[in-house]
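> Just passing along the structure, written as structure tokens.
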Amino acid sequence: MDKKGYSKEKANEIAQAIVKREIQRRICKNESCKHFSYDHIRNEEVCLVADCRCREFTK
Ligand SMILES: [Zn+2]
Ligand SMILES: [Zn+2]
């Protein structure tokens, strides 16, 4: 049972939006990178993807 009273569809929609936002937060905003934070050393340093020249995760 959903205590907030959303329909199942609405609840799914909200869950999707949260997931999308979480994904966005983990993507490097460096134009030439756009890889995930976990592709970067310690989630914030050099990008480990081959040929990527990103040297710092950009939030
Ligand atoms: Zn990268
Ligand atoms: Zn990056």
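We did not get these values from a lab; they are worked out from the coordinates using the rules stated. This structure is a prediction, so every number in the text was calculated from the model and none was measured. Every residue, glycine among them, receives a Cβ derived from its backbone with ideal geometry; neighbour counts consider all protein chains shown.
> Can you give the net charge of the other residues whose Cβ lies under 11 Å from the Cβ of Cys52, counting K and R as +1 and D and E as -1?
Summing Lys and Arg as +1 and Asp and Glu as -1 gives +1.
> Please give the helix 8-26 orientation as an angle from the longest Cα principal axis of the chain, in degrees from 0 to 90, rounded to the nearest 10.
It is inclined by approximately 10 degrees.
> Provide Rg over Rh for the chain; use the alpha carbon set for both Rg and the Kirkwood Rh (inverse mean inverse pair distance).
Rounded to two decimals, Rg/Rh equals 1.25.
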